[in-house]
Amino acid sequence: MSLSAKAKQIVPFIGLVIFLAGVGLFVYLGVYNRYWADDWCYNADFRNKGFIETVAGYSYDVTYTPSRYSVTIFAGLIQAFEVLGVQLMTPLTIVFWVAGLIYLLYNVSRITGYQLSKTTVGLFSALVVYFSIYLTEHIYQSLYWRTGMLTYTSPMVFLTWIFALITAQSLREKPSLWVTILAGLLAFLGGGFSEAGTTVMVASLGIYIAFATFMAYRYQSPWAVKTLITAVVALVFALVAMAMLIFAPTTQIRKGRYGEPASLPLLLKLLFNYTYAFFVAAVKNYQYVMIVAVSALFGIVWHASSGRSVKPVYAFLIAAGIGILAVLFVAASLAPSAYVEKGLPAPRTMIIPRFVLVLAFAAAGWFVGVMLRELVTAKWLEPAALALLIFAFIFPIYSLTITAQKIPVYSQRTELWDVRNVHILDAVNHGDERVDALAIDGLPIGGIRDFDPNGKKGFWITRCAMDYYGIRLQVQLP
């Protein structure tokens with residue numbers, strides 16, 4: 001085996017190890033998960049009302065957010081394991097996210113005839129998930145707070161698996177009824193987490209169906225024919241989920257709080273401004289440039305050894321098409337807040353458009369690399385790309401050190417929480433009517449709310465915690 005051939009095996013493997021290490025670090029931080037903010041309200045209802053009645057609160061309970069029925073369902077399943085449940089929540093979410101992308105990319109490579117290696121598929125899946133988390137605005141609320149993670153991160157995991165199942169149908173001799181049913185179920189559950197996630201789901205499924213319909217009837221493409229019914233079923237259930245979110249009592253109250261929703265002209269203006277600003281900020285951020293560069297370098301190396309020829313203009317058009325889709329899906333994720341609140345969504349919501357952007361930049365970067373390889377046939381290009389890849393790995397390695405700095409911060413907060421929990425439970429076991437409870441500062445991790453010592457803005461959290469523990473809390477500042 002030549003030195004160049006060995007390098008083409010070793011360099012992607014190094015990248016895979018680096019990004020898996022990054023994903024593993026985010027998984028590890030999940031051991032510090034505990035209950036915060038809305039979690040206490042869900043927990044109190046699960047304990048005092050039971051699982052069924054809490055889920056039924058969708059139709060009448062307006063005290064927190066039971067209108068997002070999938071959040072309630074999965075919060076109850078997680079709460080069945082108490083603290084262990086929230087500790088396992090983040091690791092399982094990340095693992096399923098990466099696994100879903102691997103499955104999806106494997107299917108796409110088979111459909112298109114581009115047989116990507118297992119290392120390459122794993123590398124790209126880990127890269128996309130790692131940067132989707134690393135670059136998100138509020139990592140704690142998006143990934144390590146149960147209510148926030150279920151509301152905004154889970155929909156993207158479900159969406160990944162929905163498309164993995166849809167594309168898997170094309171690889172079967174005959175589409176499976178059970179796969180179609182499972183895709184519909186995932187769409188119904190995935191659509192019930194949040195409005196922002198549901199709009200992306202509906203938009204992506206709708207565009208896929210339009211394209212598959214065209215390919216099926218114009219070219220009789222086998223993959224389109226086999227996947228169309230499953231995609232339609234998923235879209236129908238996603239629309240049902242959207243309707244349930246729109247017409248839930250809590251949603252109507254939230255709409256009334258912000259007055260009349262945005263008119264169509266105002267909505268289009270807001271979406272254009274927000275989406276434009278989002279992409280401009282990304283283009284100016286060197287970290288996104290690194291994602292495109294790394295993907296392009298891999299595109300150069302892989303395409304050089306694939307033995308296939310792609311017209312440069314086709315590679316460019318695919319990259320441009322991916323960019324257009326990214327704009328549409330980012331706008332879709334911002335649409336609910338723009339329509340109801342006439343403003344941007346909360347930072348924790350931005351993990352949804354962040355995932356869309358990272359995935360689009362990685363995919364578009366790959367085809368940019370393919371285009372460059374077709375335009376530049378010099379022998380030096382491939383070795384140069386491998387050398388630049390090794391140099392580019394410095395950035396993700398550096399980012400791991402940034403992420404590792406969260407460990408002592410998360411650990412300290414968890415220790416405070418555990419001590420307080422034991423103190424409260426001891427008072428409950430002794431039959432006390434009241435107990436002092438330490439308020440834990442949310443500033444170090446971006447402002448996640450805890451018990452309120454002043455009885456004002458966050459008193460509802462304290463009241464929910466009192467209902468959960470069954471004792472009055474006298475909240476004290478640290």
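The values are calculated or read from the model by the stated rules, or taken from the named source; none is laboratory data. None of the values given here were measured: they were computed from a predicted structure. Backbone-built Cβ (ideal geometry, glycine too); neighbour counts: all protein chains shown.
Answer yes or no: is there a residue in the stretch 395-416 that is in a helix (DSSP H, G or I) and touching a strand residue (DSSP E or B) at 6+ places or on another chain (Cβ under 8 Å). Let's see the steps before the verdict.
If we filter the stretch 395-416 for residues that are in a helix (DSSP H, G or I), which is where we start, we get 395-404, 406-416.
From what's left, touching a strand residue (DSSP E or B) at 6+ places or on another chain (Cβ under 8 Å): 416.
Checked the stretch 395-416: at least one residue is in a helix (DSSP H, G or I) and touching a strand residue (DSSP E or B) at 6+ places or on another chain (Cβ under 8 Å).
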Quiz prompt | Positions within the stretch 119-142 being under 27 Å from Ile445 (Cα atoms) and either of a type in the set (Lys, Arg) or touching a Phe, Trp or Tyr at 6+ places or on another chain (Cβ under 7 Å) (or both), in sequence order | solution = Ala126, Leu127, Val129, Tyr130, Ser132, Ile133, Ser142
Exercise. Scan the stretch 163-175 and give yes if some residue there is part of a loop (DSSP other than H, G, I, E, B) and in contact with a Ser or Thr (Cβ under 9 Å, 6 or more places away or on another chain), otherwise no.
Key: yes
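Let me confirm something: among Tyr58, Tyr114, Tyr103, Tyr134, which residue is over 21 Å from the mean Cα position of the chain (by Cα), surrounded by fewer than 23 Cβ atoms within 10 Å (Cβ to Cβ) and closer than 24 Å to Leu357 by Cβ? Lay out the reasoning, then the answer.
Working: Tyr58 fails: closer than 24 Å to Leu357 by Cβ; Tyr103 fails: over 21 Å from the mean Cα position of the chain (by Cα); Tyr134 fails: over 21 Å from the mean Cα position of the chain (by Cα).
Testing whether each residue is over 21 Å from the mean Cα position of the chain (by Cα), surrounded by fewer than 23 Cβ atoms within 10 Å (Cβ to Cβ) and closer than 24 Å to Leu357 by Cβ leaves just Tyr114.
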Self-check item: Qualifying residue in the stretch 304-315 (condition: at pLDDT below 90, within 21 Å of Leu268 (Cα to Cα) and assigned to a loop (DSSP other than H, G, I, E, B))
Solution: no
Quiz item: What about Ser109, is it among the hydroxyl-bearing types (Ser, Thr, Tyr) and closer than 25 Å to Trp40 by Cα?
Solution: no
Practice problem: Mind listing whichever residues of the stretch 168-221 are touching a residue at least 60 places away in the same chain (Cβ under 8 Å) and farther than 26 Å from Ile246 by Cβ? | Solution: Ala168, Gln169, Ser170, Leu171
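Name the single residue, out of those in the stretch 382-408 being β-branched (Val, Ile, Thr) and over 23 Å from the mean Cα position of the chain (by Cα), that is nearest to Pro12 (Cα to Cα). Reasoning before the result, please.
Kept after step one, since they are β-branched (Val, Ile, Thr), are these residues of the stretch 382-408: 390, 394, 397, 401-403, 407.
If we keep only those that are over 23 Å from the mean Cα position of the chain (by Cα) too, we end up with 390, 394.
Working: Ile390: 9, Ile394: 14 Å.
Here the answer is Ile390.
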Quiz item: Given Ile324, Ile291, which one is aliphatic (A, V, I, L, M), at pLDDT 90 or above and surrounded by fewer than 15 Cβ atoms within 10 Å (Cβ to Cβ)?
Solution: Ile324
Exercise. Kindly check whether there is at least one residue in the stretch 448-455 that is at negative phi and not in a loop (DSSP other than H, G, I, E, B).
Key: no
Practice problem: Please indicate, with yes or no, whether at least one residue in the stretch 66-82 is farther than 22 Å from Ala196 by Cα, polar (S, T, N, Q) and in contact with an Asp or Glu (Cβ under 9 Å, 6 or more places away or on another chain). | Solution: yes
Practice problem: Could you check, for the stretch 138-148, whether at least one of its residues is closer than 28 Å to Met242 by Cα, touching a residue at least 40 places away in the same chain (Cβ under 8 Å) and not in a helix (DSSP H, G or I)? | Solution: yes
Quiz prompt | Hits in the stretch 113-143 - residues which are more than 19 Å from Leu20 (Cα to Cα) and in contact with a Gly (Cβ under 8 Å, 6 or more places away or on another chain) | solution = His138, Tyr140, Gln141, Ser142
Quiz prompt | Which numbered condition Asp432 fails, given (1) among the charged types (D, E, K, R); (2) under 34 Å from the mean Cα position of the chain (by Cα); (3) not in a helix (DSSP H, G or I) | solution = (2)
Exercise. Would you list the helices (runs of 4 or more DSSP H) that sit entirely within the stretch 1-116 and hold 1 or more residues that are within 24 Å of Val409 (Cβ to Cβ)?
Key: 3-29, 38-48, 69-79, 82-112
Self-check item: Candidates Leu388, Leu381, Leu372, Leu344, filtered to the one that is of a type outside the set (Lys, Arg), touching a Gly at 6+ places or on another chain (Cβ under 8 Å) and surrounded by fewer than 20 Cβ atoms within 10 Å (Cβ to Cβ)
Solution: Leu372
Quiz item: Just checking, which of Leu270, Leu264, Leu245 is over 28 Å from Phe124 (Cβ atoms), within 23 Å of the chain's Cα centre (by Cα) and at pLDDT 85 or above?
Solution: Leu245
Self-check item: Verdict on Ala183 being buried (at least 24 other Cβ atoms within 10 Å of the Cβ), under 28 Å from Leu20 (Cα atoms) and assigned by TED's automatic domain parsing to the domain that holds Gly24
Solution: yes
